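Please treat every number below as a calculation from the coordinates, not as lab data. Please read all numbers here as calculations on a predicted model, not as lab measurements. Cβ: placed from backbone, ideal geometry, glycine included. Neighbour counts: every protein chain shown.
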Amino acid sequence: MQRHQTEAYGRTQMAAFGNREAEAAVLMKAAALMKHVQTHWASPDRSERLEKALRYNQRLWSFFQVSLADGKNPLPLMLRENILRLSAIIDRRSFDTLACPAPEKLDLLININTNIAAGLKSTAQK
């Protein structure tokens, strides 16, 4: 029985490492979309690009929220709860930025995404 548990744990870890790299990539894509809007704030299509970037980021974090809320998620409960709290902050900032756009409001979202992605990449490389 011990051997089966060890093998199952190993399969879960390998799948998680692949997922971590994918999660890091989509977080960086979302950050890049938001950064592009921020650096081209005066662009005539800013509103459309801002909405597209924030909606993409919200969909991404909604996916994380569903995954983290699943009792079968292999991450430790405290870590899942902390990331869920962080996702609530992201939701609030996203809605605030859509309602009252300002380029500096994107800094928090970009920084969170890039820092989480960096952590996922470093974990995946171990």
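Sequence-ordered 3J(HN,Hα) estimates for segment 91-104 from the Karplus curve with 6.51, -1.76 and 1.60 and θ = phi - 60° stand at 4, 4, 5, 4, 5, 5, 5, 5, 6, 9, x, 7, x, 5 Hz, glycine and proline given as x.
Looking at segment 36-119, the pairs of alpha carbons with a distance over 19 Å make up 40% of the total. Taking 16 Å as the straight-line reach from the Cα of Lys52, the aspartates and glutamates in range (excluding those fewer than 8 positions away in the same chain) are Asp91, Asp96.
Sorting 66-73, 50-57 by average packing, meaning the other beta carbons within 10 Å per residue, from highest down gives 50-57, 66-73. Here the Karplus curve 6.51 cos²θ - 1.76 cosθ + 1.60, taken at θ = phi - 60°, turns the phi angles of segment 29-34 into couplings of 4, 4, 4, 5, 4, 5 Hz, with x standing for Gly and Pro.
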